Amino acid sequence: MAQQLAMVIDAAKCIDCKACVAACKVANEVPEGQFRNWIKTTGAPAVPGRGDGKPRFQPGACMHCENPTCVSACPTGATYKDKVTGEVVIDDALCIGCGNCIPACPYDARFRNEVKRKADKCNYCPERRAAGLPPACVDTCPTKARVFGDINDPASAAGILYNKNKERLTRVAAKTDTKPNMYYLGDPGPGEWGREAVIPASMVAMKQTAPLIKGVVALSGLGVLAMLGRQLFAGSGTDHKEDGDA
C-alpha cells in the first residue's frame with residue numbers, strides 16, 4: 001500500500017504559542033510577512049452565564065488533499081500529487097509563478113513567494129525528513145499537539161493515533177471537498193471556514209480545447225509523414241529511371 005503522509009493534530013494540546021509558525025519560517029526561509037502555516041483561534045475568556053468561554057486553537061497548513069484542486073489548476077504540471085507518499089508537491093523547476101493554483105486551494109494554503117516568485121506552501125520539510133528529522137513545526141511544538149507520519153502505516157505514531165480515533169477525527173469543511181489529509185482530535189474550533197475552489201477560466205478553456213489541439217497536431221504529423229513518404233518514393237523512382245537510361 002502506498003503511503004499517505006498526513007498530520008494528525010490533538011487540538012486540546014495546542015496552546016497557541018505559535019512556535020510552529022516561527023519554526024516553519026526559519027527552517028524554510030519563508031519571506032517576511034508570508035507564512036506556510038497558521039493557527040486559527042475562536043472563543044473568548046470565560047464570562048459567567050455565557051457558556052464555557054474556552055478558547056480553541058486550530059493549527060493548519062497545506063492539507064495534502066486526496067483530491068487536490070490545485071493540481072487541476074496548474075498549467076505546467078509543476079503541482080502534482082506524489083503517488084508514493086501522497087504529498088502534494090510543487091516542482092520549482094516547472095513552476096512559472098502564474099498563480100493559478102492559489103485561488104484553486106479552498107483553504108488558502110498557497111501563496112506566491114515574494115522572493116522566488118513561485119508558488120509556495122507547506123511541503124513537510126523534505127530536507128529535514130531526509131536527515132531523519134520530523135517537520136519543523138512538529139519538532140518545535142512544546143505540547144506535541146502535531147503528530148506527523150504515514151497514516152497507512154498502523155505502526156507509525158500518526159497511524160496509531162489515526163486508527164485509534166478514526167471515528168472521532170474531524171477535518172476542515174469547504175464548499176469544495178478535496179478530502180484533506182489533516183485530521184483533528186478534539187474540538188479544534190471553526191470547522192467550516194474553507195471556501196469553494198476557483199479554477200481560472202483560462203485553465204477550464206485549455207482543458208476543454210486540449211483534446212482538439214492534440215487531434216490537430218496528430219493530423220498535422222500524419223500529413224508531414226505522408227509528404228515525406230511521397231518524396232522518398234518519388235526520389236527512388238527517379239533514381240531508378242536515370243540508372244536505366246544510363
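Using C-alpha pairs under 8 Å with a sequence gap of at least 6, the mean separation divided by the residue count of the range 71-157 gives a relative contact order of 16 percent.
Can you give the charge dipole size of the range 1-160 about its Cα centre, rounded to the nearest 20 debye, using +1 on the beta carbon of Lys and Arg and -1 on the beta carbon of Asp and Glu? The partial results should precede the final answer.
Working: 20 positive and 17 negative charges, 81 e Å.
So the dipole magnitude of the range 1-160 works out to roughly 400 debye.
Over 26 Å between Cα atoms, which of Lys81/Lys118; Lys13/Lys118; Lys18/Lys54 qualify? Going by Cα-Cα distance, Lys13/Lys118 fall outside the 26 Å limit. Overall, the accessible surface of the range 1-120 at a probe of 1.4 angstrom is composed of carbon and sulfur to the extent of 55 percent.
With R₀ fixed at 30 Å, the C-beta to C-beta distance from Val26 to Met1 puts the FRET efficiency at about 0.30.
Heavy-atom accessible area with a 1.4 Å probe sorts Leu161, Leu5, largest first, into Leu161, Leu5.
Once the chain from Ile160 to Ile96 is taken as fully extended at 0.36 nm per residue, the excess over their C-alpha distance is 19.1 nm.
Label sites at Lys81 and Ile15, each approximated as a point 7 angstrom past Cα along Cα to Cβ, lie 3.7 nm apart.
Residues of the range 92-122 falling in the label zone of Lys40, defined by backbone nitrogen less than 13 Å from a point 7 Å along Cα to beta-carbon, are 106-109.
The values are calculated or read from the model by the stated rules, or taken from the named source; none is laboratory data. This is a predicted model, so every value here is computed, not measured. In this analysis, Cβ positions are derived from the backbone assuming ideal geometry, glycine residues included, and neighbour counts consider all displayed protein chains. All accessible areas refer to the heavy atoms of the entire protein, side chains included, with ligands and DNA or RNA removed. Shrake-Rupley method; radii C 1.70, N 1.55, O 1.52, S 1.80 Å.
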